[in-house]
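Some notes on the structure that comes next.
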Amino acid sequence: AAANLSDVLPEIIEGYKADRNLPNQEIEVTFASSGKLYSQIISGAPYDIFLSANQTFPAQLVDEMFKGDTSHIPFTYTQGQLSIYSATKSVSRLNQATLTEFLQGDDKTKITIANPELAPYGESAKVYLQDQNLYDSLTTQKRIIQAENIGQAFQYAHTGSVDYGFVAHSQVTAIKATPEQFYILPPDSYPAILQDGVLVTDVAAAADFTDYLRSPAGQAYFSKAGYLAVK
């Protein structure tokens, strides 16, 4: 599962086991960047389900491994939101200022994003910064600190290793951050983070769990955790 799910997925698993009355059902999760997980599965990693942070990697996986097999079709299970978060500085002024104006106030600040090549949240953050005409200048100034995945990006920001982090809003929600610590980017200001999953094997229990993810019960967990529900 994509690293951004590390807070909500354990809760969903416990809810699934309780709702289905399956207390002994073992569900083991590996969290990493979507691109890294894709590569592992293509190389034969023994996963039953792949929950990506975008739609691209599941589609590529199906094309690579399951051409024409209608039992392995990607499904959208949630939509992520992108936030700017800081553990050390107030970001509340972003409600009135553009990001360019905000960052011009201190040209020494460091910003982290997840690796755009591997992490969909990082890809959306990069596009946002490019649209603001900031990405190239921040890169030239060596002010962008690239993390391997969204989990590491959040840790960089949360521990104060950097001043600001482009993180999953679900991570901000999980720590109950104060309003001064984060700013939710407008959903139309970056590519929509539609998160798709796909069944890798034909295990019945795996299929049942993916059904639960998309059920009203599963979607309620996502909404509470700072994601946008999907129909």
Where a Cα-Cα gap under 13 Å defines reach, which aspartates and glutamates qualify for K224, not counting those fewer than 8 residues away within the same chain? D7, E11
Scan the chain and hand back the longest stretch that contains none of the GluC sites (Glu not before Pro) lying in DSSP loops with at most 15 other Cβ atoms within 10 Å. 118-231
Just the number, please: carbon plus sulfur as a percent of the accessible area of segment 74-136, 1.4 Å probe, no ligands or DNA/RNA counted. 40 percent
Find the accessible area per residue for segment 53-168; the probe is 1.4 Å, ligands and nucleic acids are left out, and the unit is Å². 46 Å²
Sequence of D211, D188 from largest to smallest accessible area, 1.4 Å probe: D188, D211
Cα-based Kirkwood hydrodynamic radius, the chain, one decimal, Å: 18.3 Å
Taking segment 148-231 as the region of interest, what is the percent of Cα-Cα pairs per 5 angstrom bin, listed from the shortest bin to the one with the maximum distance? 3, 11, 18, 20, 18, 14, 9, 5, 2, 0
So how exposed is R20, as accessible area in Å² (1.4 Å probe, rounded to 10)? 90 Å²
Pull up the DSSP beta bridges for the chain and report the antiparallel fraction as a percent, rounded to 5. 70 percent
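The values are calculated or read from the model by the stated rules, or taken from the named source; none is laboratory data. What you see is a predicted model, and the numbers here were worked out from it, not measured in a lab. No Cβ is skipped: glycine too gets one built from the backbone with ideal geometry, and neighbour counts run over all protein chains shown. Remember, those area values only see protein heavy atoms, side chains included, never the ligands or the DNA or RNA. Shrake-Rupley method; radii C 1.70, N 1.55, O 1.52, S 1.80 Å.
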